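Participant: Below is one structure. I have some questions about it.
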Amino acid sequence: MEESKMENGKEINNENIENNESIETEENLENKESDNEDNKENELNKKIEELENQNADLKDKYMRAMAEMENIRKRAAKEKIDTIKRANKDLLLSLLNFMDNFERAIKAGENNSDIQNSEYYKGIELIHKQFIDFIHDNGVEEIECLGGEFDPNLHEALTMVEIPDCEHEKIVEVYAKGYKLNDELLRTAKVIVGKPKAKE
């Protein structure tokens, strides 16, 4: 009887051990599953973080590329405008030489009434007026200088002459007019400058 009990006791103990092992195994499995889930979650979080970083990097590169493209577009537009301005400047500068010759022709006939009444002279005056209108329409303005003070930034002195009762240097004659193009100097005026008479 006692052996049977002992055996039964052993059996009971064995069953308890098996039950305990079974419980531990289940707990281990649950822990492993939980660890696996945690690992998967960590991996997913890392992957999400990597993708977010890649996305931010790509977005930054895209924004930089767009800004660079905009800068290139603006630079190209400015270069185009500058090229047109330079071409216009060169053309207008060449035309001013024709203007000078027309003005000399007009000046030559100022004191002769027969020349002034001729159709030839009137034609020259008409062409001269058309030239003036054309250059004004293209942003060219004459630099007014006769009687004004000499400014080396705007005027080129061909010669200087002494003038009585002159207090400071001033322009007494304009040989070739000066012009500005859109407030920028296009051509300096060629002038004769009067200066105070030297003290004896």
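Values quoted throughout were computed directly from the atomic coordinates according to the rules given, and no laboratory measurement underlies them. Since the model is a prediction, treat every value here as computed from it, not as a measurement.
Participant: How far, in nm, would the chain grow between I106 and I192 when pulled straight, counting 0.36 nm per residue and subtracting the alpha carbon separation?
Facilitator: Extending this stretch completely gives an extra 28.9 nm.
Participant: Going down the list K122/K170; K107/K170; K85/K195, which pairs span over 30 Å between their C-alpha atoms?
Facilitator: K122/K170; K85/K195
Participant: Please work out the Cα center distance from region 120-182 to region 69-90, rounded to the nearest Å.
Facilitator: The two parts, judged by their Cα centres, are 31 Å apart.
Participant: How many percent of DSSP beta bridges within region 140-200 run antiparallel, rounded to 5?
Facilitator: 60
Participant: How much of the pair distance distribution for region 140-200 lies past 13 Å, counting alpha-carbon pairs only, in percent?
Facilitator: 56
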